[in-house]
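One structure is given here, and the rest of the page talks about it.
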Amino acid sequence: MNISSNRRTRDRVITILTYMAMGLVLLLPFVLFFGLAFKSELLFRDNSLGDLLFSSEWNTGEGKFGFKSFIVGSLYVTLVAMVITAPICLLSAIHITQYAPRKTAGLVTTAIDILAGIPSVVYGVWGMIFVVPFVSKVIAPVFGVQTTGFSILSGGIVLAIMVIPFILNILIEIYRTIPKELTEVSLSLGATRWEVIRDVLNRKALPGVLAAFGFGFARAFGETMAVLMVVGNVAQVPTGLFQPGYPLPALIANLYGELGSVPQIESALMFAALLLFVVVLIFNAALRWFIVKAEKY
């Protein structure tokens, strides 16, 4: 009886601990949201939500906090990065898992892991040394544009290089988990290798591919240091790829250390963090909806 009772007691304790851990995970997003919303409350005493979201006038001395230019800058840089990243990661994952010899695939995987472990500030320094001059002296003249190189395009290129290892690792695992029997059966029915990849593997992997790019978008949208160093940090709505921008994470990183002790500015920076949280939350919710639809398809 004692042994049986002890086992039941341990089982109850473990069950309670697992429920507590699950509850903590579920509670964290709400804690983050309401904590940031509470710290942003001071900003709403003198500014309406419409003014904060749709005004691009930013003057901390006069109490004007228009976040439009920062929101647009964040979306612009992230979208440029994802446009560059998506085809590279997708085609690379297909080649590594379907065409490359095992030794080559292992070598590439090692290189991906090395790239994933490099600190973001190293990417930022590399971007200042190579990407910014390349954009200024090579790419911009092709389009008849004069620029210092500190621009949305530079930020997008550096951000894309940073996100590639993260997304590519996920895509490789997704394609590797697809049963080989699907490929073998399709080939035995007369399909070509590319037809198998296009019509069988990609369809099977579609929910995972969407999830990988969704995680990549969220990772890129919140990236700070590397983008801050190459994007220009000018508080204006960018009108083109060669214009400087000012993403939300860069705004928080730049101002919090110097002006974070000023209550109204601290509230504005908390609101910027809240905007980041809400945008990623909405995007992930929409992505989850697309994944459910893709799984049914």
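The values are calculated or read from the model by the stated rules, or taken from the named source; none is laboratory data. Being a predicted model, the structure only gives us computed values, none of them experimental. We place every Cβ from the backbone using ideal geometry, glycine too, and count neighbours over all the protein chains shown. For accessibility, only protein heavy atoms count, side chains too; no ligands or nucleic acids. Shrake-Rupley method; radii C 1.70, N 1.55, O 1.52, S 1.80 Å.
What's the Cα-based Rg to Rh of segment 170-229, Rh via Kirkwood?
My calculation puts Rg/Rh at 1.22.
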- Message: Show me the ranking of peptides 108-121, 14-27, 87-100 by mean Cβ neighbours inside 10 Å, starting with the highest.
- Response: 87-100, 108-121, 14-27
- Note on the structure: Per residue, accessible area of the chain with a 1.4 Å probe, heavy atoms of protein chains only, in Å², comes to 56
- Query: Going by a ≥ b ≥ c, the root eigenvalues of the Cα gyration tensor, does segment 148-249 fall in the rounded group (a/c under 1.5), the prolate group (a/b larger than b/c) or the oblate group?
  - Reply: prolate
- Report the label-to-label distance for Thr18 and Asn284 in nanometres (one decimal), using points 7 Å from each Cα along the Cα→Cβ vector. 2.3
- Message: Between (1) 71, 69, 35; (2) 68, 59, 36; (3) 76, 66, 36, which entry matches Cα extents along the principal axes in Å as derived from the coordinates of this structure?
- Response: (1)
- Message: List the pairs from Lys68/Lys137; Lys68/Lys293; Lys39/Lys64; Lys103/Lys204 whose alpha-carbon separation is above 23 Å, in the order I gave them.
- Response: Lys68/Lys137; Lys68/Lys293; Lys103/Lys204
- Message: Which of rounded, prolate or oblate describes segment 1-143 when judged by the alpha-carbon gyration tensor and an a/c cut-off of 1.5?
- Response: oblate
- Query: Given the rule -39500 (n - 2.57) for each run of at least 4 DSSP H residues, summed and divided by the residues of the chain, what is its mean residue ellipticity at 222 nm, to the nearest 500 deg cm²/dmol?
  - Reply: -23500 deg cm²/dmol
- Using alpha carbon centers only, segment 146-171 is separated from segment 57-108 by a whole-angstrom value of 6
- Message: Quick check for me: using +1 on Lys/Arg Cβ and -1 on Asp/Glu Cβ, what's the dipole size of the chain about its Cα centre, in debye to the nearest 20?
- Response: 1060
- Quick one: what Rg and Dmax do you get for segment 233-297 from the alpha carbons, in Å? 16.6, 52
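Taking Rh as the Kirkwood radius computed over C-alpha pairs, what is the Stokes-Einstein D of segment 1-65 at 4 °C in a medium of viscosity 1.567 mPa s, expressed in µm² per second?
Answer from the Stokes-Einstein relation: 80 µm²/s.
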- Item | In segment 200-239, the chymotrypsin sites (Phe, Trp or Tyr not before Pro) that fall in loop regions by DSSP, at most 11 other Cβ within 10 Å | none
- Cα extents of segment 70-129 along the three principal axes, largest first, in whole Å? 45, 23, 17
- Item | Dipole of the chain, positive direction: furthest Cα of Ala212, Val31, Leu255, with charges on the beta-carbon | Ala212
- Message: Please compute the Kirkwood hydrodynamic radius over segment 106-203, one decimal place, Å, based on all pairs of different Cα atoms.
- Response: 16.5
- Message: Order 166-177, 31-42 from most to least packed using the mean count of other Cβ atoms within 10 Å.
- Response: 166-177, 31-42
- Message: If you roll a 1.4 angstrom probe over the protein chains with everything in place, what fraction of the accessible area of segment 143-241 belongs to carbon and sulfur, to the nearest %?
- Response: 62
- Given charges at Cβ of Lys, Arg, Asp, Glu: segment 1-95 dipole, positive-most of Cys89, Asn47, Thr18: Thr18
